[in-house]
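What follows is one structure encoded as structure tokens, with my remarks underneath.
Just so you know, all these numbers are worked out from the coordinates, no wet-lab data involved. All figures in this text were calculated on a predicted structure; none of them were measured in a lab. All Cβ positions, even for glycine, are placed from backbone atoms using ideal geometry, and neighbour counts span all protein chains on display.
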Amino acid sequence: MSEITPELVRHLAALARIEVSEAEVAQFASQLALIVESVATVKAAVSDEIFATSHPIPMANVFREDVVKPSLTQAQALSGAADSESGRFKVSAILDED
Amino acid sequence: MAKDQLMDYQKALDAYEVVIGLEVHVELNTNTKMFCGCANVFGDEPNTNVCPNCLGFPGAMPAVNGKAIENSIKIGLALDCQIAATGRFARKNYFYPDLAKNFQTSQYDEPIAFEGTIDIEVPSGKVFTVAIERAHMEEDAGKLTHVGGSTGRIQGAEFSLVDFNRAGVPLVEIVTKPIYGAGDEAPELAAAYVRSIREIVKNLGVSDARMERGNVRCDANVSIRPKGQEKLGTRTETKNVNSLRSIERAVKYEIQRQAHLLSQGTAIIQETRHWHEDRGATSSGRPKSDADDYRYFPEPDLVPIQPSKEWIEQLRATLPEKPAIRRKRLQELWVFSDLEFRDVVNSDLLDEIDDTVKAGAKPQAARKWWTGELARIANSEDKDIAELSITPTQVAQIAALVESGKLTDRLAREVLTCVLAGEGNPEEIVAKRGLEVVSDDGALLAAIDQVLSEQPDVLEKIREGKLQAAGAVIGAVMKAMAGSADAARVRELVIQRANEL
């Protein structure tokens, strides 16, 4: 079980784009450790007969027909946008990424 | 921007071994998107093919497009891959405005297809077997337009505009294993590989495969290591190189750039790079860093895909022949020399010529039109030949008109220009513009007599048997007929008349 270090908390916060104070880092580190430890108990259930699973119901191959359904109108699509221009969502330019 | 220093290509290859790896994204041409029923169409008004799924609204539930799964399996089979007994979707988490959900639905440790191979022939005729690591399914992202700044690129942009029509379009990403030993042919191999992938997906009918529309996109990983060194060098990944020519140039550029750095004792930075077609150079994008921690986890809203053996075999039975086999068959069928055939393949005209021949043209005529006049026009207009507005059927019609003697080569080129200008089909243009060859000897004879009477000295020479003198008369007659005469017939008649007069 990997330890939840303050560095790891800062890394996760950066990935999630959440600003955290040093006090919060310490607080979250212990809380996250507890959560991870609790979740890890399911590992004990996995054996040769019981496989790790990501879905509770044994289902596979649920497919949709390739038939076009109505979409939203442009006005509907943009109705919740904070800002828009020429039928597009307007967002701040994000630099240093592609 | 500082200009990179490059090592001479040959010198670089003498000192270093090149290793490349290619990731090709193929957009499928299904009617609908990967996880919702919105139309998968290029070029519609922005944000008109979107729904709560495409826009990442809370509570929206994805539903897998069965046709996209089928097409992905076909691609896997065409690449001689194994098809996974169980494939699963996963969430690839990252924040970027081109994906409103804040994650891309992709596949991680259970791709639909893996462990394939493909034989690639490079222009020299050498064949490389490229190992395919995996082919997995995912969804495309929306399209960003960067506004402000001078270049339309992200550098200097003031804000960005997002169109989500493309978000959710089904993609198959095909990833090769590292490719060793291509040496100085690594750039050509990279381009030939992408060409083959494009040919495969086009012949499968699963993608429109138009690179200029981004249906097929390539990321090229390049690393070099001193000859004899076992450890792989640090690689760079050049993103979205969107023409075959650019792929070749970008790989060559990276080899030369990295060789210069290593020769100076400078370490290569592992990073994403961007290819700039205008400058013929790559530039540094973002470094691979923490941001690449995508925290994949199984997509809880989608159940696994478990294609049955029967289904896979059914799909396998529908596969068209492999590119290498098709090429061999076509070369034999068309009776092209190795040189002629390679020229066709390298000019990327195999499909066009195949379609033209199927539309009734003789193979050599089809080849001549595409690799000659049409390639020349495309080149002079700085276009991809596929962008020219002429169909293989129209080319076949022009070839037929030449074959039947209704058009001379010169007139045929004129008709071709008219077709490209959108004036209609060849037959219509010939009729409308009166371009047909004058096969009425009466009109020709009148013109010949006129010219001969104006040039008595030439007439005398022809009578004396100096037939090369006829050239001047033929030229004058052709001019008088505005080119709409068959030069060979004019020559016959000139000589005949000279002796009769």
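Annotations for the structure displayed:
- In chain B, Rg over Rh equals 1.09, where Rg is the alpha-carbon radius of gyration and Rh the Kirkwood radius from pairwise Cα distances.
- Efficiency of FRET from Cβ geometry, B:VAL147 and B:LYS432, R₀ 51 Å, rounded to 0.05: 0.65
- Using bins of 5 Å that start at zero, the share of Cα-Cα pairs per bin across the stretch B:76-150 amounts to 3, 14, 15, 14, 12, 12, 12, 9, 6, 2, 0, in whole %.
- Residue (of B:ALA12, B:GLN82, B:PRO178) at the positive-pole extreme of the stretch B:9-295, dipole from beta-carbon charges: B:ALA12
- Taking trypsin sites (Lys or Arg not before Pro) across the stretch B:428-501, the ones in a DSSP loop with at most 12 further Cβ atoms lying within 10 angstrom of their Cβ are B:LYS466.
- When you filter the GluC sites (Glu not before Pro) in the stretch B:258-366 for DSSP loop state and at most 16 other Cβ atoms inside 10 Å of their Cβ, you are left with B:GLU277, B:GLU321.
- Counted residue by residue at 0.36 nm each, then reduced by the alpha carbon distance between them, the extension gain from B:LYS11 to B:ARG326 reaches 109.7 nm.
- Hull volume in cubic angstrom per residue (convex hull over the Cα atoms of the stretch B:391-464): 116
- The amide H of B:SER207, built 1.01 Å from its N in the peptide plane, has B:ASN29 as neighbours under 5 Å, considering only residues 5 or more places off or on other chains.
- Annotation: the residues B:TRP369, B:TRP334, sorted from fewest to most other C-beta atoms within 10 Å of their own C-beta, follow the order B:TRP334, B:TRP369.
- Mean separation of Cα pairs under 8 Å and 6 or more residues apart, divided by the residue count, gives the stretch B:60-204 a relative contact order of 21 percent.
- In terms of other Cβ atoms within 10 Å, B:CYS36, B:CYS51, B:CYS218 run from fewest to most in the order B:CYS51, B:CYS36, B:CYS218.
- Label point at B:GLN314 placed 7 Å out along Cα→Cβ; residues across the stretch B:157-178 whose backbone nitrogen lies under 17 Å: none
- Furthest towards positive pole of dipole, A:ALA75, A:VAL42, A:ILE94, structure part chain A, Cβ charges: A:ALA75
- Rounded if a/c under 1.5, otherwise prolate or oblate - the stretch B:321-433, Cα gyration tensor axes: prolate
- Violating pairs (Cα-Cα greater than 22 angstrom) within the set B:LYS406/B:LYS466; B:LYS33/B:LYS92; B:LYS368/B:LYS466: B:LYS406/B:LYS466; B:LYS368/B:LYS466
- For the protein assembly as shown, the residue among B:ALA113, B:ASN242, B:GLN468 whose Cα projects farthest onto the positive side of the dipole built from Cβ charges is B:GLN468.
- Amide H contacts of B:ILE132 (H built 1.01 Å from N, under 5 Å, at least 5 apart or other chain): B:GLY116, B:THR117, B:ILE118, B:LYS177
- Packing-based exposure ordering (other Cβ within 10 Å, fewest first) of B:CYS81, B:CYS38: B:CYS81, B:CYS38
- Here the calculated FRET efficiency for A:GLU3 and B:LYS362, from their Cβ-Cβ distance with R0 = 56 Å, stands at 0.15, rounded to the nearest 0.05.
- Size of charge dipole - the stretch B:321-433 - debye, nearest 20, with Cβ of Lys, Arg +1 and Asp, Glu -1, no other charges: 340
- Calculated [222 nm] ellipticity per residue, helices only, for chain B: -11500 deg cm²/dmol; basis is -39500 (n - 2.57) per DSSP H run with n ≥ 4, divided by all residues, nearest 500.
- Phi to ³J(HN,Hα) by Karplus 6.51 cos²θ - 1.76 cosθ + 1.60 over the stretch B:211-227, Hz, x for Gly, Pro: 5, 5, 9, x, 5, 10, 10, 10, 10, 10, 8, 10, 9, 10, 9, x, 4
- Taken along the Cα-to-beta-carbon direction at a fixed 7 Å, the label points for B:ASN379 and B:GLU158 span 4.3 nm.
- Cα pair distances in the stretch B:9-295, grouped into 5 Å bins until the bin that holds the longest one, percent each: 1, 5, 11, 15, 18, 17, 14, 10, 5, 2, 1, 0
- Between B:ASN240 and B:GLU23, the modelled label-to-label distance comes to 1.4 nm, taking each label 7 Å out from Cα in the direction of the beta carbon.
- Segment B:GLU230-B:SER389, extension gain: residue separation times 0.36 nm, minus the distance between their alpha carbons: 52.2 nm
- Remark: the A:VAL42-A:ALA75 segment gains 7.2 nm on full extension, using 0.36 nm per residue and subtracting the alpha carbon distance.
- For the stretch B:441-500, a Kirkwood hydrodynamic radius built from all Cα pairs, placed in the Stokes-Einstein relation at 37 °C and 0.692 mPa s, yields a translational diffusion coefficient of 299 µm²/s.
- Test item: Cα-centred dipole of the stretch B:9-295, Lys/Arg +1 and Asp/Glu -1 on Cβ, debye: 280
- Gyration tensor (alpha-carbon) shape descriptor, the stretch B:27-71, a/c threshold 1.5: oblate
- The B:ASP301 and B:ILE269 beta-carbon pair, evaluated with R₀ = 41 Å, returns a calculated FRET efficiency of approximately 0.60.
- Contact order for chain A, expressed relative to its length and based on alpha carbon pairs under 8 Å spaced 6+ residues apart, stands at 16 percent.
- For the protein assembly as shown, the Cβ-based charge dipole about the Cα centre amounts to some 460 debye (Lys, Arg positive; Asp, Glu negative; other atoms uncharged).
- For trypsin sites (Lys or Arg not before Pro), the sites in the stretch B:77-164 that DSSP calls loop and that have at most 15 other Cβ atoms within 10 Å are B:LYS126, B:ARG153.
- Global geometry of the protein assembly as shown, whether rounded, prolate or oblate, following the gyration tensor of its Cα atoms and the 1.5 cut on a/c: prolate
- With contacts taken as Cα pairs under 8 Å at a separation of at least 6 residues, chain B carries a relative contact order of 14 percent.
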